[in-house]
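The structure appears right after this line, and notes come after that.
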Amino acid sequence: MSSPDQRVAPQGAAPLIDAIDCISDGIAVFDANGTLVACNRAYRDLNVPIGDLIAPGVSFEVLARAALARGEGFFPSLSAETDIGERLARHRLADGLPSVEPRADKWLMSTMRRTPDGGTVLVETDITELKRAEIARYEFLAKVSHELRTPLTPIHGALALLASGNAGRLSGKLEELVSLASRNCTRLMSIVNDLLDFTRISAGRFSLNKANVSLGPLLEQVVAARRVAPGAPVIDFNISSHAKRIELEIDPLRIQQVLDNLLANAIKFTPEGRRIDVNVDRHERALRISVVDRGPGIPKKFRARVFDMFAQASCSPRTESSGLGLSICKSIVEAHGGRIGFTSTEGEGTTFFFDLPLPARDRVTYAPSRRAPQKRRAAAAILQRV
């Protein structure tokens, strides 16, 4: 067994190891078969629980499994085999994209790159202090957002009561001012709620409360709320008729939030008198829910940033928002194991869709209408344009 400070290196490579030993990042080199060839001291320091196994000839899989067995799981939210599978897949891919992982009491950013001979270079950087500072910032923002929402709730209620006339009739000018204040209070509450969700997601404190839910009523509730919302434009909504025959295991409140965000986004960019479609269909092994508008489409220069935080495309008079909605939607859908995307044609409209994994056959009811083949072909055409 080697001592903790012993360097691992093939014969003749000592000068190179002397150089990389001065680097604070952990560096390990694996050959094309996934076998460890060399590593520096920092790699050992970042992987103390498996230090006795780090030696030339040990495989990456052995190290990963030993780390998991000793409480150093790379993906704590996953099962053991899924955790290992994810880690081995990243090692095989070695695409150079950084991954931030909690590792016991540390946070590491790891990157894997392919070498010319088919091997892999793994670089691990301890970003614990940066991550703690980031979490502290998010916690501060969450606290501020919560403190803002506390007084906003009764203010919003009082304004709604005044605007309804139940507290007495208002003069024309006063009614106009109360209506203006009520609309802006509603907007401010929406922004604060988005900030709270953003901070929970960013700080890793986001969770789902799943239940077996009938999709049809859920869609109808969200659409109905949008139809009667104050100041809602005159827009027709069409929901797939066979949506009511589908059941999924989801967090209903969170999926309602995704649908409401996508509908709100579609409403912003749809001229009055036009139609918004809410379509439901199978797509491969998932259920695809799409929101189709007839707006101006998304400018090509903005499409790469659609799901970025605080990103907004200013091509509609109704674009007041926090710019966090689509980013939050992406996090919610991915937490369900799904994916979200869009297709858009400038001057014709945009389709936002998200896919949710279908449960086992005995837990899903799906009876598509006679038009389903055409819908599937349309969905396939949409996917090809993504």
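The values are calculated or read from the model by the stated rules, or taken from the named source; none is laboratory data. Just so it is clear, the structure is predicted and the values come from calculations on it, not from any experiment. In this analysis, Cβ positions are derived from the backbone assuming ideal geometry, glycine residues included, and neighbour counts consider all displayed protein chains. The accessibility values were calculated without ligands, DNA or RNA, using every heavy atom of the protein model including side chains. Shrake-Rupley method; radii C 1.70, N 1.55, O 1.52, S 1.80 Å.
Numerical summary
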| read-out | value |
| --- | --- |
| Those GluC sites (Glu not before Pro) in region 210-306 that DSSP places in a loop and that have at most 15 other beta carbons within 10 Å | Glu272, Glu284 |
| Pair Glu247, Arg132: separation of 7 Å Cα→Cβ label points (nm) | 4.9 |
| Across Lys244/Lys300; Lys268/Lys330; Lys173/Lys268; Lys210/Lys330, pairs whose alpha-carbon gap is larger than 24 Å | Lys244/Lys300; Lys173/Lys268 |
| Aspartates and glutamates whose Cα lies under 13 Å from that of Lys301, excluding same-chain neighbours fewer than 8 positions away | Glu346 |
| Heavy-atom surface of region 237-298, accessible at 1.4 Å and reported per residue (Å²) | 38 |
| Nitroxide proxy distance, nm - points 7 Å out along Cα→Cβ at Phe302 and Ala89 | 3.3 |
| Region 214-303, accessible surface, carbon-and-sulfur percent (1.4 angstrom probe) | 49 |
| Extension gain, Ile23 back to Ala55 (0.36 nm per residue minus Cα-Cα distance, nm) | 9.6 nm |
